[in-house]
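Note sheet for the following structure.
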Amino acid sequence: MTSVLVQALELIAGFEAEKTPSAVGLSLRNALQPFGARGFYAGSFPRSQTLPTGRMVEAGRRYAQFSPPGWLDAYARQGLDRGNPVIFAPARRHSAFRWSAPGFPDLENWRGLDLARELGFADGLAVPCHEPGGRVGVVSMAFERFDLAPREIRAITLAALMAHDRMAALAGPLTVPPKLTRRERDCLCFVADGLSDAEIADRLGISQATAHAHVENAKRKLGARTRAQAVARLCCNMLL
């Protein structure tokens, strides 16, 4: 069976040849079209510009946006840019989430989902992509159908994280990639396949505590807040 990491790398094949954030975003959007993806947005905001109510002011960097016909006009006409939970929710969440995900009060009554369905989109997927320095980022994708298997969602999430890191790097000064030990890199590869610390330890013949320490050290060096983001950041650094 193809690993999640391999599937994600297939989705972002050719990123290293792109020279602009928008081109990277378009490459990922095109790769996701067989899954039903059409709309695409990627950007980031300074955390300091997140208001106490949770709404982000319209400031920050837009890396890429490809909207379906009629979306932008209706979006502005209905005032959906004021308090869009898909954009500001990543400030409070680490994991990818569907636009229609149950249990998220800020999404339950969001009119943007009704608009998306009027335009022929079944649902969307948002991936929080936090950047070094406290910036809040997101990759949000609209799907005309949403029949993704859990493994596909994991691969798309990982690809989105890698794409976002690449877009952020192209949009600003490039930094020297952090140096990871061989063990730290090995552990992150196993993390990409969904292995726990105990399973990683068994594969490498080390203790569970040591495996956990390698992963945490890799996260710290990469400036990542989650394990998935650490994997994405490592892969992105390999492409720079």
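The values are calculated or read from the model by the stated rules, or taken from the named source; none is laboratory data. Predicted, not measured: the structure shown is a model, and the values here were computed from it. All Cβ positions, glycine included, derive from the backbone under ideal geometry; neighbour counts span all protein chains shown. Ligands, DNA and RNA are excluded from the accessible area calculation, which covers all protein heavy atoms including side chains. Shrake-Rupley method; radii C 1.70, N 1.55, O 1.52, S 1.80 Å.
Amide H contacts under 5 Å for residue 100: 124, restricted to partners 5 or more places along the chain or on a different chain, H placed in the peptide plane at 1.01 Å from N. Build a GNM of the chain with springs between Cα atoms under 10 Å apart, and of 23, 168, 91 the one that fluctuates most is 23. The GNM of the chain, with springs linking C-alpha atoms under 10 angstrom apart, assigns the highest mean-square fluctuation among 182, 135, 29 to 182. Length gained on full extension, residue 189 to residue 225, computed as 0.36 nm times the residue gap minus the Cα-Cα distance: 11.3 nm.
Ranking of 22, 27 by solvent-accessible surface, largest first: 22, 27 (1.4 Å probe, protein heavy atoms only, all chains present). Quantify, in whole percent, the carbon and sulfur part of the accessible surface of the chain (1.4 Å probe; protein heavy atoms only). Ligands and nucleic acids excluded, carbon and sulfur give 53 percent. Normalised by residue number, the volume inside the convex hull of the Cα atoms of the chain is 129 Å³ per residue.
Under the shape rule built on the C-alpha gyration tensor, where the axes satisfy a ≥ b ≥ c, segment 154-211 is oblate, since a/c reaches at least 1.5 while a/b does not exceed b/c. Think of the chain as having a plus end and a minus end, set by charges on the Cβ of Lys, Arg, Asp and Glu; of 65, 13, 132, 132 sits farthest toward the positive end of this dipole. Entry comment: accessible area of the chain is 47 Å² per residue, from protein heavy atoms only and a probe of 1.4 Å. If only the Cβ of Lys and Arg carry +1 and only the Cβ of Asp and Glu carry -1, the dipole of the chain around its Cα centre is close to 660 debye.
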